[in-house]
Amino acid sequence: EVVVQDVRLRDGRVLWLDDDAEVIAISAIELDLPALDRLQRGELGERTPYLAARIGDQQLAVQGEPHGGGVRFALALDDVDLAPWARAARIGDERLQGRLDARLALDFAAATRFDEHLTLSGTLKLRDAALHSADARLGLEARAASLTLGDSHPLQHRWHVRELALDAPQVRYVVERSNVDAADAAEPPASSDTPAPVAEPMQLRIDLIPA
């Protein structure tokens, strides 16, 4: 078991390579997280929990506040383009598009396991949201989408969606495409001896989808 205590990080980076070899990065990460047992006793002294990062063209810098025996960082993101992040995160073969505004609470708490330290909750709002299959034959589009996260544990792949609302949703399914002829459509896909990668299992709980 690993217990995280008294963390200091400077000039951290998180990098992904998408299919076009474009680097998607969270850069200039700074984290100062005093020992959680000192937080519980109110013994911070001159140190204040602090988190900063550059995400795309946005710079975040927030001070943490004591919360539930740990520390909470309140994060705000505005007008983030989701497309490159969806590619980098390898969200299946689907294509996700939209502009994201988010108000999130990132909680660090005392825990016996490393993957239990981090909890994420808050609201995410999408504008011009679209999710299409890789061949563009099946798609879900909405003028706007709103998602409320309950206490979720990203490091454990456990997500709790308290509410999901879609504004003017549309489902599109293409039966035929003029650029595919009958011979190509009837040709079976080429076999491959390389096994498909197995994704990490994810737990998803949804409480409410308004009618």
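The values are calculated or read from the model by the stated rules, or taken from the named source; none is laboratory data. Nothing here was measured: the structure is a model prediction, and the numbers come from that model. When we count neighbours, we look across all protein chains shown, and the Cβ atoms used for this are built from the backbone with ideal geometry, even at glycine. Side chains included, ligands, DNA and RNA excluded: accessible areas come from the protein's heavy atoms. Shrake-Rupley method; radii C 1.70, N 1.55, O 1.52, S 1.80 Å.
Is there a residue being of a type in the set (S, T, N, Q) and either open to solvent by less than 80 Å² (accessible area, probe 1.4 Å) or modelled with pLDDT of 70 or more (or both) anywhere in the stretch 176-199?
no
Exactly one condition in (1) buried (at least 17 other Cβ atoms within 10 Å of the Cβ); (2) at pLDDT 90 or above is not met by GLU141; state its number.
Every listed condition holds for GLU141 apart from (2).
So that you can scan it fast, the table gives a plain yes or no per residue for (1) in a loop (DSSP other than H, G, I, E, B); (2) open to solvent by 20 Å² or more (accessible area, probe 1.4 Å); (3) of a type in the set (A, V, I, L, M, F, W, C); (4) modelled with pLDDT under 70:
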| site | (1), (2), (3), (4) |
| --- | --- |
| ARG72 | no, yes, no, no |
| ALA76 | no, yes, yes, no |
| PRO84 | no, yes, no, no |
| ARG90 | yes, yes, no, yes |
| ASP115 | no, yes, no, yes |
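Can you confirm whether ASP19 is acidic (Asp, Glu) and modelled with pLDDT of 70 or more?
It is false that ASP19 is acidic (Asp, Glu) and modelled with pLDDT of 70 or more.
Would you pick out the residues in the stretch 144-159 that are surrounded by fewer than 16 Cβ atoms within 10 Å (Cβ to Cβ) and touching a Phe, Trp or Tyr at 6+ places or on another chain (Cβ under 8 Å)?
Within the stretch 144-159, just LEU155 meets the criteria.
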